[in-house]
Amino acid sequence: YLQNKTMKTLKINFLIVLLGKTGSAAGNTILEGNVFRSTSSSSPVTLECKKETAPFDFQKLAVVDTPGLFHTMFTLDQFNKEINRCISLAAPGPHVFLIVVNPGEFEDKEQETVRILQDVFGDKAACYTMVLFTHVDDLKVSIKQCIIETPGLSEFINQCGGKYHVFNNRIRDPAQVRELLEKINTMVKENGGSYYSNQMFRKAGKVIKKEVERLIKKENMTPKEARYKAERKNMFNRDSKVAVLIGSALGLGVGVGAGIGIPAVFTAAAAGATVGLVGGPVGAAVGATTGNQILELLSYLTVHLLIIKCILIKYIC
């Protein structure tokens, strides 16, 4: 009874993960409210992953807004923390990774977003990825013409299977949200009729489900209250097995060193894999040494090193 009650109350029709420097405004448009902090600037304002829900056309929508994970100057430890938070909030898996792009300000480095997304969440994540163009009302040409004329933009869309949608940010017309949901629904059906998931999302989902049931039973919370608290408690982040899974998803040979915390191990292996594509040897080296001096140095490396890894792979393969 408890399980059925929980599932019935918490059912979400669409779970959307927003990626990109300016996803917050798009999230507000989708949820028809000012639930995420946003500005007219193209600079990201979100500092950590945040999840909000709202009803739409007798459906329940959930949006996870990320802090421009692939663009901001995060340290690798911060990147690891926010990826874990994103996985917890999006568990057991999102229906779409929505990459928010301002076509008038498209940069070459944004072409690496899909590859990095695959490094983090798995190769099949690209099948659940769609581009959302915003600020198209500022363009002097049509979006189709802009795609043709902007270097790299057409190739970028092709990485997402040619899937894209357009938002007019000056008006919050429910019709454009409705059309987006229809496109997402079609994409999900083409992918077998279910949301995207992998070992990380499933693990997080199990941990959260167990905590939800405990909170309902022991603390007399409603399913909604319990789910909210369980997701943000982020126990998933403290599981050593999950940290190894994250390294594995990034293509890192994580060597677990004695006496070194999980985030430190992930940071060391990630940095090694990024710079020299030799995550295993670096992880092993960390495991064989104290690692304090190494980790102090590596803490200054940022997630942008992941882009270097992707570029190297692109030219080597």
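The values are calculated or read from the model by the stated rules, or taken from the named source; none is laboratory data. Computed from a predicted model, the values in this text were never measured in an experiment. Neighbour counts are summed over all protein chains in view; Cβ atoms, including those assigned to glycine, are modelled from backbone coordinates with ideal geometry.
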(message) Given the condition surrounded by fewer than 13 Cβ atoms within 10 Å (Cβ to Cβ) and of a type outside the set (D, E, K, R), answer yes or no: does some residue in region 210-218 qualify?
(response) no
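Residue-by-condition table, conditions (1) in contact with a strand residue (DSSP E or B) (Cβ under 6 Å, 6 or more places away or on another chain); (2) part of a loop (DSSP other than H, G, I, E, B); (3) surrounded by fewer than 23 Cβ atoms within 10 Å (Cβ to Cβ):
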residue	(1), (2), (3)
LYS81	no, no, yes
ASN84	no, no, no
LEU132	yes, no, no
GLU155	no, no, yes
(message) What's the number of the only condition in (1) touching a helix residue (DSSP H, G or I) at 6+ places or on another chain (Cβ under 8 Å); (2) surrounded by fewer than 20 Cβ atoms within 10 Å (Cβ to Cβ) that GLU107 fails to meet?
(response) (1)
(request) Determine, yes or no, whether VAL141 is modelled with pLDDT of 85 or more and either surrounded by fewer than 19 Cβ atoms within 10 Å (Cβ to Cβ) or part of a strand (DSSP E or B) (or both). (result) yes
(request) Would you check which residues across region 208-225 are free of Cβ contacts under 8 Å to residues at least 60 places away in the same chain and among the aliphatic types (A, V, I, L, M) and list them? (result) LEU215, MET221
(request) Select, from VAL136, VAL101, VAL141, the only residue that is touching a helix residue (DSSP H, G or I) at 6+ places or on another chain (Cβ under 6 Å) and either β-branched (Val, Ile, Thr) or more than 23 Å from LEU47 (Cα to Cα) (or both). (result) VAL136
(request) Of the numbered conditions (1) within 19 Å of VAL17 (Cβ to Cβ); (2) crowded, with 21+ Cβ neighbours inside 10 Å; (3) not assigned by TED's automatic domain parsing to the domain that holds LEU31, TYR128 fails exactly one; give the number of that condition. (result) (3)
(request) Say whether the condition of being under 25 Å from CYS160 (Cβ atoms), at pLDDT below 95, surrounded by 14 or more Cβ atoms within 10 Å (Cβ to Cβ) and under 18 Å from the mean Cα position of the chain (by Cα) is met by at least one residue in region 232-247. (result) yes
